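First up is the structure itself, then whatever we jot down about it.
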Amino acid sequence: MKNSNIFTSPHWHNVSEAKQNLVIPVEVDPSNTVDLSLQINSLLGIKIAEMSGEPIIQYNDLASINNGNLNDFQDHIIPLLKQNGIDLIYFHNVKSDSNLYQLIKNIGEIIAHKKAPYIDLTQFSNLDDYLKSLSANSRKSKRRALKKLETTFQVEFETSIDAQIDAELFNQVIQLKKDQLTRLGQTSRLFESKAEIENLKNIILKPNKDFKCIFSLLKCDGEIAAAEIGYLHNGTYYSFLGAMNEAFQSYSPGSCQLIKTIEWALAAKIQTFDFLAPDDAYKSSWTDNLYVEVYDFILPLSFKGQIIGNLYLKTLRPLLKKAYLYVKASK
């Protein structure tokens, strides 16, 4: 079965035996099914079903379906979930061009609207060609940052792919990201849990045939100044996680690493550079207003699910997040 994007690969799912998983077959045609793999979480005694692999996966989706089973979610899957005592289905980052979106767009409630910026690399033959597509200010600032870095340090750029990645390199990059988040006073669902970081390590270090894992490393005088974990699948590079060494902060190493990674992607004839959702401010400087609409959906299946979905997930949690970010920004 052809995967619609990298995160529908089975390699991402069921990585943790500690989580309660529920696998429901979805019929593609009379002779084929695909698995909807869900993990069941509990919040205040309310059972919430999310796509298995959360929060490591970045797009919720299913492998290919056809128009004949667009009602299957409502007629078959929802009753099964109710039978298993599920109060709420919560799908993060559902792309508007995904198979899952077609299944739930008429029955789910959108609680968040985002964008996933991307670069169409097929328009460009080389890095200079790409940089010319950016605004004058953005182009100049990126070139200036790279020149400053290269005149101050001996700069090296390298990529480690699949078997070239070991646990020591993984730990180095993750520690850089942890230190960066600590300095900024930030966190994320992935970095809130040591178990999730361990799951990510297992995914990256375990060989698979569905996609390639790429670590892009920018080194200054032999030391990692910035790094990125990315994935390559079906002509698309997914920019998954970037990290920066605080010691080089004033030299914009993250921007320089991205320039080099885009240059590598162009040389490798990769078609799309996907920055993933959400559309953080820095991402817009790398694209020419290209993006895919992305949504968070809830589907309450009980009265308790309606309360936690509409009162907490839709209303209260976004307000708490805004307040947290405001307090951090004002310090």
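The values are calculated or read from the model by the stated rules, or taken from the named source; none is laboratory data. All of these numbers come straight from a predicted model, not from anything done at the bench. FYI the Cβ positions are ideal-geometry reconstructions off the backbone, even for glycines, and counts take in every protein chain you see.
Is at least one residue of the stretch 153-166 of a type outside the set (A, V, I, L, M), in contact with a helix residue (DSSP H, G or I) (Cβ under 9 Å, 6 or more places away or on another chain), free of Cβ contacts under 8 Å to residues at least 40 places away in the same chain and more than 25 Å from A267 (Cβ to Cβ)?
no
If K105 satisfies all but one of (1) over 19 Å from T261 (Cα atoms); (2) surrounded by fewer than 16 Cβ atoms within 10 Å (Cβ to Cβ); (3) in contact with a Leu (Cβ under 9 Å, 6 or more places away or on another chain), what's the number of the condition it fails?
Going through (1) over 19 Å from T261 (Cα atoms); (2) surrounded by fewer than 16 Cβ atoms within 10 Å (Cβ to Cβ); (3) in contact with a Leu (Cβ under 9 Å, 6 or more places away or on another chain) one by one, K105 breaks only (3).
Among helices (runs of 4 or more DSSP H) lying entirely in the stretch 117-216, which contain 3 or more residues that are farther than 27 Å from S9 by Cα and hydrophobic (A, V, I, L, M, F, W, C)?
Counting at least 3 such residues, we get 136-152, 167-184.
When you look at I65, is it at pLDDT below 85, touching a strand residue (DSSP E or B) at 6+ places or on another chain (Cβ under 6 Å) and assigned to a loop (DSSP other than H, G, I, E, B), yes or no?
Answer is yes for this residue.
Do we have any residue at all in the stretch 112-127 that's basic (K, R), touching a residue at least 12 places away in the same chain (Cβ under 8 Å) and closer than 27 Å to D288 by Cα?
Within the stretch 112-127, one or more residues are basic (K, R), touching a residue at least 12 places away in the same chain (Cβ under 8 Å) and closer than 27 Å to D288 by Cα.
For every residue, the table says whether it meets (1) surrounded by fewer than 16 Cβ atoms within 10 Å (Cβ to Cβ); (2) hydroxyl-bearing (S, T, Y); (3) in the same structural domain as I174 (by TED's automatic domain parsing); (4) more than 19 Å from the chain's Cα centre (by Cα).
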position: A243; (1), (2), (3), (4): no, no, yes, no
position: S250; (1), (2), (3), (4): yes, yes, yes, yes
position: P253; (1), (2), (3), (4): no, no, yes, yes
position: I259; (1), (2), (3), (4): no, no, yes, yes
position: A267; (1), (2), (3), (4): yes, no, yes, yes
position: I270; (1), (2), (3), (4): no, no, yes, no
position: L276; (1), (2), (3), (4): no, no, yes, no
position: D279; (1), (2), (3), (4): no, no, yes, no
position: K283; (1), (2), (3), (4): no, no, yes, no
